[in-house]
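K.L.:
Sending over a structure as C-alpha cells; questions will come in a sec.
The values are calculated or read from the model by the stated rules, or taken from the named source; none is laboratory data. These figures come from a predicted structure and were not determined experimentally. Backbone-built Cβ (ideal geometry, glycine too); neighbour counts: all protein chains shown.
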Amino acid sequence: MIACWNNPDETVNECKRADHLAIIIPFRNEENALPELLRQLKQQIEQTPGATLVLVNDHSSDASVQIAIELTKSIPQATLLQQEQTFGKKQGVDLAMQIVQTDWVVTLDADVRIGPNWLHRIASLTYSNINELLILPLHIGPGSSLIGSLQEVEFASVMGVTAGMAIAGEPVLCNGGNLCFRRAAYERVKPQRKDMHIPSGDDLFLLHALKPGGKIKWVHDPHTRVYTQPLHSWKALTAQRLRWMGKTGSMRDPWLQRTAWLTFLTNASLLIGMAAVATGYVAPAIILLAWGMKVLLDGWLIVKVGRWLCIKRLKRFYFLLIFLYPFYATLFPLMSQFIRPSWKGRKTTIR
C-alpha cells in the first residue's frame, strides 16, 4: 500500500469536450452546499463543454430545490429530477440513470468541492478508457480542530487502503462522493443486485457487483480529487461512521472482510495489551514495541497519502490521534452491529 504512492501520476490524452460524460448529484437539504458546487461546475462546463448534469432531489425540506432551479438555468444540458416514489441516494442515482444517455457517469455528493481542472481531467480520463469503474480520490479537510484532524488523518489512511488494494487487483473500497463508471456496466449488473432496497451504499454495492470479471481501476491523479469539509460534532461523526461500517458488514467480499477484521483485531489487540500491562500480565516493553511499529507504519502511509493530496499541517494532533484511534476503531465496529443511526431525519437500513 505504501509503495503505490511512489507511482507517477496518471497520464491522459487531452480531451476538449465532455459529451460522453454525465454528472449525477443527488441531494437532500443541501441549501448551504449546492450553490458553490454548482458555481464551480458551471465554470468548468464552460471550459470543457458537453457534459450532462443531472440533479436529483431526495425530498428536501429546505431551499435546495429553489437554489437548484435557479442556478441550473444558465447551465446547458442540466436537468432536475424529483424522487417522488423513492428515497435515499442509491435510488436517486438509479432515477438519474434512467434518463442518462452518455457512455460514462460520475457521481458527486452535493457537499463536495471540485478542483480547478476536475471536469477536464475526468473527461480526458474517460474518453478512451477501457475500464468499467474508476475509483477517484476524495479528501476530507482541512481539519483545524481535534475532531476535524481525526477525520482528515483517518480518511488519508482510508485512501491509502483504497488505492493499495485496487492497485493490487482486489478493490474493496470506493466513495460515491467522487466515483466514475460506465453506464453499460451499471445496467449490466443491476438485474443481479440484491441491495437496491438499501438506501445507502450506492458506491460499495456497485463496486462489488462489478468486481467479478469487471475492470476496476484506481485513478492515481490528484487533479481528479474532490474535497469535503469534516463534520463538526462527535454525534454527527459517530452517526456517519456507524453508517459506513454498517454497509461494510453487510457485504460478503472476502478481501473486504479480511481488511475489516485485520483493522479491528490489530487495534483491539493494542487495547487488550494495554489492559494486560496495567494488570501486570504483559511486560510494558512488548506493548511499546507494538505501538511503535504501528505508529511508524501508519505514519509512513499517512504522510505519503497526505503529501499526494497536498494536506497541510498533517502532523498536528498526529500522536494524540494515533493513541485515540484504537479506541475508535474497536468501539465503532462493535456499535455498528447494534445501533442503526439516522441520516437527515431517517433511520438507516443496512440489511
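K.L.:
For region 27-42, what are the residues that are assigned to a helix (DSSP H, G or I) and acidic (Asp, Glu)?
P.N.:
Glu36
K.L.:
A follow-up question, please. Counting only residues that are of a type in the set (Gly, Ala, Ser) and surrounded by fewer than 16 Cβ atoms within 10 Å (Cβ to Cβ), how many does region 55-93 have? Before you say what the answer is, go through the steps one by one.
P.N.:
Just the residues of region 55-93 that are of a type in the set (Gly, Ala, Ser), to begin with: 60-61, 63-64, 68, 74, 78, 88, 92.
Now drop any that are not surrounded by fewer than 16 Cβ atoms within 10 Å (Cβ to Cβ), which leaves 61, 63, 74.
Final tally of qualifying residues: 3.
K.L.:
Further question: Considering only region 228-246, state which residues are in a strand (DSSP E or B) and under 11 Å from Met335 (Cβ atoms).
P.N.:
Residues satisfying the conditions do not exist here.
K.L.:
All but one of (1) in contact (Cβ under 8 Å) with a residue 60 or more places away in the chain; (2) surrounded by fewer than 22 Cβ atoms within 10 Å (Cβ to Cβ) hold for Val158, so report the exception by its number.
P.N.:
(1)
K.L.:
While we're on this one: Is it true that His120 is in contact (Cβ under 8 Å) with a residue 40 or more places away in the chain, touching a helix residue (DSSP H, G or I) at 6+ places or on another chain (Cβ under 8 Å), surrounded by 22 or more Cβ atoms within 10 Å (Cβ to Cβ) and not aliphatic (A, V, I, L, M)?
P.N.:
Considered against the rule, which asks whether it is in contact (Cβ under 8 Å) with a residue 40 or more places away in the chain, touching a helix residue (DSSP H, G or I) at 6+ places or on another chain (Cβ under 8 Å), surrounded by 22 or more Cβ atoms within 10 Å (Cβ to Cβ) and not aliphatic (A, V, I, L, M), His120 comes out as no.
K.L.:
Here's a check for you: in region 201-227, which residue that is touching a helix residue (DSSP H, G or I) at 6+ places or on another chain (Cβ under 6 Å) and either assigned to a loop (DSSP other than H, G, I, E, B) or not assigned by TED's automatic domain parsing to the domain that holds Val189 (or both) is farthest from Gln40 (Cα to Cα)?
P.N.:
Per the stated criteria, the residue is Gly201.
K.L.:
Let me ask you something else. Regarding region 315-326, can at least one residue be identified that is part of a loop (DSSP other than H, G, I, E, B), of a type in the set (D, E, K, R) and at positive phi?
P.N.:
no
K.L.:
Among the residues that make up region 51-69, is at least one of them free of Cβ contacts under 8 Å to residues at least 40 places away in the same chain, under 18 Å from Thr224 (Cβ atoms) and not basic (Lys, Arg)?
P.N.:
Yes, the conditions are met somewhere in region 51-69.
K.L.:
For residues in region 302-313 being in a helix (DSSP H, G or I) and within 18 Å of the chain's Cα centre (by Cα), which is surrounded by the fewest Cβ atoms within 10 Å (Cβ to Cβ)?
P.N.:
Trp308
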